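Have a look at the structure below before the remarks.
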Amino acid sequence: MKFHLGKIPETDFKPDEKWKPLREPGPIVMQLCAIPIGAIVAFAVGSGWSLILHQVPQIHVTGHAAIAVPLMFLISIPLVIIVHEFIHALFHPHCGRTDESAVGLWPSRLVFYAMFTGEHSRDRFLAILIAPFFLISLLPLAFFSCFPTPLGTIAAHLAAFCSTFNALAACGDLFGVALLLCQVPRGAITRNQGWRTFWKRRAPDS
């Protein structure tokens, strides 16, 4: 796995006529389109957590805890982002343990990313995109709905915060899932060149 700072790196991949470009906006327009989706999904996830947290005693902190608890919530934001991207990479071919996997930050576009520069199926691409949302946002929500107070009050509220924040942060992933489902047939092969995504139909004998 490689670590990259700057725009999403390009490779020597040169798509021929078999490869069709995915109709997708640039990074800034994508963010503007995706944020409303993330806001709606985060509201839905947060609403689910509000029902769970009604069963959990409210937090009452004093003394040093009055500083430590908000600081813990603040630190959780970059940690969620980092874990989010590494989960993407974990679902790459070979679990991200090749030079074709990269995790990076594009500061000028406010984009964190994990990308795979080789070929993979559309279904794997969908799994890569949806995995952080499922594992960080939905799985804890399902777990705490069954066991509201297994780790204590602060843990429940922290899980709710991370889960809801990740749902908002996954807005680009969810937007990408919609694009793939609408444009790319099942069984197709996908590949990225920088920001852009290309796809082609799988050969009959592959």
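The values are calculated or read from the model by the stated rules, or taken from the named source; none is laboratory data. Everything quoted here is computed from the prediction, not taken from an experiment. Positions of Cβ are generated from backbone atoms using ideal geometry, with glycine treated the same way; all protein chains shown enter the neighbour counts.
Among the strands (runs of 3 or more DSSP E) confined to region 111-206, the ones with at least 1 residues that are at pLDDT 95 or above are located at 189-193, 196-200. Close Cβ contacts (under 7 Å, 6 or more residues apart or on different chains) running from residues in region 97-116 that are closer than 16 Å to ALA170 by Cα to residues that are of a type in the set (S, T, N, Q) and buried (at least 17 other Cβ atoms within 10 Å of the Cβ) comprise MET115/ASN192. Scanning region 28-42 for residues that are touching a residue at least 24 places away in the same chain (Cβ under 8 Å) and over 24 Å from SER137 (Cα atoms) turns up just one, ILE28.
Scan region 92-128 for residues that are among the charged types (D, E, K, R), closer than 15 Å to MET1 by Cβ and surrounded by fewer than 16 Cβ atoms within 10 Å (Cβ to Cβ) and the total you get is 2. Cβ-Cβ distances below 7 Å connect the following pairs, each with a first residue in region 16-27 that is of a type in the set (D, E, K, R), a second residue that is assigned to a strand (DSSP E or B) and surrounded by 11 or more Cβ atoms within 10 Å (Cβ to Cβ), and a separation of six or more residues or different chains: LYS18/LYS200; LYS20/PHE198; LYS20/TRP199; LYS20/LYS200; GLU24/THR197. Of the set (1) modelled with pLDDT of 85 or more; (2) outside any helix (DSSP H, G or I); (3) closer than 26 Å to PHE143 by Cα; (4) aliphatic (A, V, I, L, M), all apply to VAL56 but (1). The single residue among ALA66, ALA89 that is at pLDDT below 85 and either surrounded by fewer than 14 Cβ atoms within 10 Å (Cβ to Cβ) or within 19 Å of the chain's Cα centre (by Cα) (or both) turns out to be ALA66. Of everything in region 3-28, what is modelled with pLDDT under 90 and surrounded by fewer than 14 Cβ atoms within 10 Å (Cβ to Cβ)? Give them in sequence order. Matches in region 3-28: PHE3, LEU5, GLY6, GLU10, THR11, ASP12, GLY26, ILE28. With the structure loaded, tell me whether LEU141 is crowded, with 16+ Cβ neighbours inside 10 Å and closer than 23 Å to LEU180 by Cα or whether it fails that test. In short, no.
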